[in-house]
């Protein structure tokens, strides 16, 4: 699966019903939605850029609930259309939802389901994916959202194949994107799908953005965990793991420390974080490697040892799959962006080899994301039997798909 785009759709989109028009795009707005995410489809599909070679869409801005709609900074919006206007659209975009825990209005969900049944393309940008999931439109499908909310999406809607690696996911008639700027990526992808590379390139030049971005969300993943884990008995085990990433241990070790069987531990860990423990552990080791590459002069071999990988080969493999580059290339690119000799402001004295690095606290701006697809036939720093067991239990990610 590619990083700058997603798998080619497997199922052909339904034929549009007679009253719907392919060129009409309805954008569904709710009160409390962030204004930036909301404005992305309005700008892409609502401005006439035919002079630049971009075919024109017809935009319908629809209120998903009674107004006025309040947004970022206390601004109030008044949408010119209601839910009834969605019945004319060939594409319906939900750019954001105000809360990942609150249920969307049932009338809006019904309108989305009806639009999908009548062949409309349904798009969820960032937290808009939660609205699509609540409508049941993501059941059994691959989807993405902002990496910070991916564990919550996976936990609340277990039938959705959440893949937080991707900037956007195109599953034919249902599409989702990661946070904020990834909404632009997906809207450009829609223009490219409808009208070709030349039109998408012309639009990208007008927006002063790359026509295609390489890489996925992995480089942005945070190392923290959901705040609610702090009150759970597993919190102590997780804290121990973060403080001992320099040691070679596996998930069985963590399960034993929690006085649980491996199966029970896997189930409890996934219910708390939305991620399988092996996925989480590999992600933490790669994140620690990132930090050491940024703040130290250790060789790649030394970094591998200090992050608990059995070999530099294991580090390189997981690092490339998670961040899209080799450790050496990552360090070179990072240092090229900094004045010579300058160390990051948060750099701390590094411990001698074999000693734990600075503790990584459980609190932070958001929950941990998922690691990339596991490869149980490759060295991951834990025993083969453990890797096979965990890889077989992973249900968050879909099987391999061809890149677009």
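The values are calculated or read from the model by the stated rules, or taken from the named source; none is laboratory data. On a predicted model such as this, the values are computed, not experimentally measured, just so you know. We place every Cβ from the backbone using ideal geometry, glycine too, and count neighbours over all the protein chains shown.
Considering only the stretch 109-129, I want to know if a residue exists there that is farther than 27 Å from residue 15 by Cα, touching a strand residue (DSSP E or B) at 6+ places or on another chain (Cβ under 8 Å) and assigned to a helix (DSSP H, G or I). Can you show your working first?
The initial filter retains those residues of the stretch 109-129 that are farther than 27 Å from residue 15 by Cα, namely 127.
Keeping just the survivors that are touching a strand residue (DSSP E or B) at 6+ places or on another chain (Cβ under 8 Å) gives none.
There is no residue in the stretch 109-129 that is farther than 27 Å from residue 15 by Cα, touching a strand residue (DSSP E or B) at 6+ places or on another chain (Cβ under 8 Å) and assigned to a helix (DSSP H, G or I).
Would you mind stating whether residue 88 is farther than 28 Å from residue 153 by Cβ, surrounded by 14 or more Cβ atoms within 10 Å (Cβ to Cβ) and in contact with a helix residue (DSSP H, G or I) (Cβ under 8 Å, 6 or more places away or on another chain)?
No, not satisfied.
Among the numbered criteria (1) part of a loop (DSSP other than H, G, I, E, B); (2) more than 24 Å from residue 203 (Cβ to Cβ); (3) in contact (Cβ under 8 Å) with a residue 12 or more places away in the chain, which single criterion is violated by residue 66?
Condition (3) is where residue 66 drops out.
Return the residue satisfying two criteria in turn: it lies in the stretch 137-153 and is out of contact with any helix residue (DSSP H, G or I) (no Cβ under 7 Å at 6 or more places or on another chain) and not in a loop (DSSP other than H, G, I, E, B), and of such residues it is surrounded by the fewest Cβ atoms within 10 Å (Cβ to Cβ).
Checking each candidate, the answer is 152.
Contact list please: Cβ distance under 8 Å, first residue in the stretch 78-91 and on the phi > 0 side of the Ramachandran plot and not assigned by TED's automatic domain parsing to the domain that holds residue 68, second residue assigned to a loop (DSSP other than H, G, I, E, B) and surrounded by 19 or more Cβ atoms within 10 Å (Cβ to Cβ), pairs at least six apart or on different chains.
Hits for this filter: zero, empty list.
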